[in-house]
Structure formats: structure tokens, C-alpha cells
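First comes the structure, then the notes that go with it.
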Amino acid sequence: MEDDRPKEAPDLTLEKLGKQDLYTMSVGDLRARIESLKTEVARCEAAIASRNDTRSAADKLFRF
């Protein structure tokens with residue numbers, strides 16, 4: 001008989017990601033994990049680009 005209780009979502013905090021046993025995760029959970037990581041990477045890359053743009057604008061402003 002199958003367990004009808006709702007399945008807990010995997011903990012995707014960065015601290016715990018590297019310690020999780022991937023073997024025990026379903027394919028769906030692994031795909032969700034990948035999508036979450038891709039989203040976070042894109043967010044980090046956007047933050048880097050924004051900082052580079054700000055730095056470039058400041059450099060142009062103070063260039064003599």
C-alpha cells in the first residue's frame with residue numbers, strides 16, 4: 001500500500017545542496033533542483049552585469 005501523505009519538497013538551501021544524496025531523489029526532484037539552480041545562476045549573473053555596468057558608468061564619469 002502506498003503512502004498517501006504529501007511528499008516534502010527537497011531542501012534547496014545552498015548549505016545543504018552539496019550534502020544531499022542525489023541517488024535518493026526522484027527524476028522530478030532532480031529536474032526541479034536543476035531549474036532552481038539555473039534560476040539562481042541567472043540571478044547572480046544579472047547582479048554581476050549590473051555591477052559591471054555601474055562601475056563602467058562611474059569610470060566614464062570620473063575619467064579626465
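The sole residue among GLU2, GLU15 that is modelled with pLDDT of 75 or more and either in contact with a helix residue (DSSP H, G or I) (Cβ under 6 Å, 6 or more places away or on another chain) or not basic (Lys, Arg) (or both) is GLU15.
For segment 26-46, a residue qualifies if it is of a type in the set (Gly, Ala, Ser), assigned to a helix (DSSP H, G or I) and more than 13 Å from the chain's Cα centre (by Cα), and exactly one does: GLY28.
The values are calculated or read from the model by the stated rules, or taken from the named source; none is laboratory data. A quick note: this is a predicted structure, and the numbers were derived from the prediction, not measured. Backbone-built Cβ (ideal geometry, glycine too); neighbour counts: all protein chains shown.
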